[in-house]
Amino acid sequence: MNKLTIQGLSKTYSNGAKALDNVNIEITNGMFGLLGPNGAGKSSLMRTLATLQEADQGTATLDNIDLLQNPEMARKILGYLPQEFGVYPRITAEQLLDHLAILKGITKSKERKELVKYLLDKVNLYDKRNKSVKGFSGGMKQRVGIAQALIGNPKLIIVDEPTAGLDPGERNRFYNLLADLGNEVIVILSTHIVDDVRELCTNMAIMNLGQIVYQGSPQNAINSLEGRVYQKIVSREQLASYANDYSIISNKMVGGQPLIHVLSENNPGDGFEAISPNLEDVFFSKINTSHQLV
């Protein structure tokens, strides 16, 4: 069982923006969801763990390896799929993985050939091995991205916003692949898509403004709101007054009118109906973005 321990991690950029503010997380094998709005600091945390940038203070330890103090050692046990996985033009999937395996230190030709075949089989792309990666669909490129992240038998795999732009079929195939990986290693899924975390992850954290505002299981987070979420359809003109009178955690348009969800210890009456909370309610209640549309 692998364990990643992050303690007191902080990072302020030269423009004064505080991307990470005393982040503390402990993660073991399985799928771990890092959920947060754009600009919450998720990518900054992922880049720091991937040794692509330095932290101002704090530690990140995977088993007995200090990822921040020993970046070369860290890269040997790390797989990383960034938000934008760029590919070389006019290179096949097989050639790309072979090249990246060389960069990862696998110098023996026979060993590389067997590894590349295994990886292409793993992501169900072996029959496309001689096709140019540039012509792949978004989902196929992401599967190549996962294949390259698996080179070197990593203990920690980081995937940053992996399902953005994928159609539902590609997204489901990608989900299944990630779920398989989570049985053996730590997989951190950084995303702003609530469905990604709800469908894949047994544990999660919610991040906002560089801080961890919740850590635990998705179900426990949902249970914490049981009996406290109410909804009502209101007019656009009424939104401001309802925002003054109630703790609105989210609103979305239904039939051209706002459907608001409010957080209340007691039934607010006034036409509100009690509903079973979901992870989206947890997300918006934790980051306090009631002015945004869901």
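The values are calculated or read from the model by the stated rules, or taken from the named source; none is laboratory data. Just so it is clear, the model here is predicted, and its values are computed rather than measured. Glycine also receives a Cβ, built like all others from the backbone with ideal geometry; neighbour counts cover every protein chain displayed. Each accessible area value is taken on the protein alone, full model and side chains, heavy atoms only, with ligands, DNA and RNA left out. Shrake-Rupley method; radii C 1.70, N 1.55, O 1.52, S 1.80 Å.
Treating only the Cβ atoms of Lys and Arg (+1) and Asp and Glu (-1) as charged, compute the dipole magnitude of segment 54-210 about its Cα centre; round to the nearest 20 debye.
Once rounded to the nearest 20, the dipole reads 880 debye.
Taking the mean number of other Cβ atoms within 10 Å as a proxy for protection, how do you rank 244-250, 63-69, 208-214 from highest to lowest?
208-214, 244-250, 63-69
Ignoring ligands, DNA and RNA, what accessible area per residue does segment 124-198 give at 1.4 Å, in Å²?
40
Counting only the heavy atoms of the protein chains, how much of residue 84 is accessible to a 1.4 Å probe, in Å² to the nearest 10?
Here the accessible area works out near 150 Å².
State to the nearest 20 debye the size of the charge dipole of the chain about its Cα centre, where the only charges are +1 on K and R beta carbons and -1 on D and E beta carbons.
It works out to roughly 1300 debye.
Straight-line reach from residue 110: which lysines fall under 21 Å, measuring Cα to Cα and dropping same-chain residues less than 8 apart?
Those lysines meeting the cut-off are 76, 122, 128.
Ignoring ligands, DNA and RNA, please state the percent of accessible area on the chain from carbon and sulfur, probe 1.4 Å.
The C+S portion of the solvent-accessible surface of the chain is 45 percent.
Shape call for segment 6-162 from the C-alpha gyration tensor, a ≥ b ≥ c root eigenvalues: rounded (a/c under 1.5), prolate (a/b greater than b/c) or oblate?
Because a/c hits 1.5 or more and a/b exceeds b/c, segment 6-162 counts as prolate.
To test your reading of the geometry: what angle, between 0 and 90 degrees and rounded to tens, separates the Cα axis of helix 93-103 from the longest principal axis of the chain?
That helix lies at roughly 80 degrees to the long axis.
Please work out the Kirkwood hydrodynamic radius for segment 116-259, using every pair of different C-alpha atoms, and report it in angstroms with one decimal place.
18.3
Counting other C-beta atoms within 10 Å, and keeping those with at most 15, which DSSP coil chymotrypsin sites (Phe, Trp or Tyr not before Pro) do you find in segment 1-83?
When the chymotrypsin sites (Phe, Trp or Tyr not before Pro) of segment 1-83 are filtered for loop state and at most 15 Cβ neighbours within 10 Å, 13 remain.
Rounded to the nearest 20 Debye, what is the dipole magnitude of segment 10-58 about its Cα centre when Lys and Arg each give +1 and Asp and Glu each give -1 at the C-beta?
Here segment 10-58 has a charge dipole of around 140 debye.
Among 48, 80, 119, which residue has its Cα furthest toward the positive end of the charge dipole of segment 1-131, with +1 on Lys/Arg Cβ and -1 on Asp/Glu Cβ?
119
Would you be so kind as to identify which of 225, 132, 157 lies farthest towards the positive end of the dipole of the chain, taking Lys and Arg as +1 and Asp and Glu as -1 on Cβ and the Cα centre as origin?
With unit charges placed on the Cβ atoms, the residue in question is 132.
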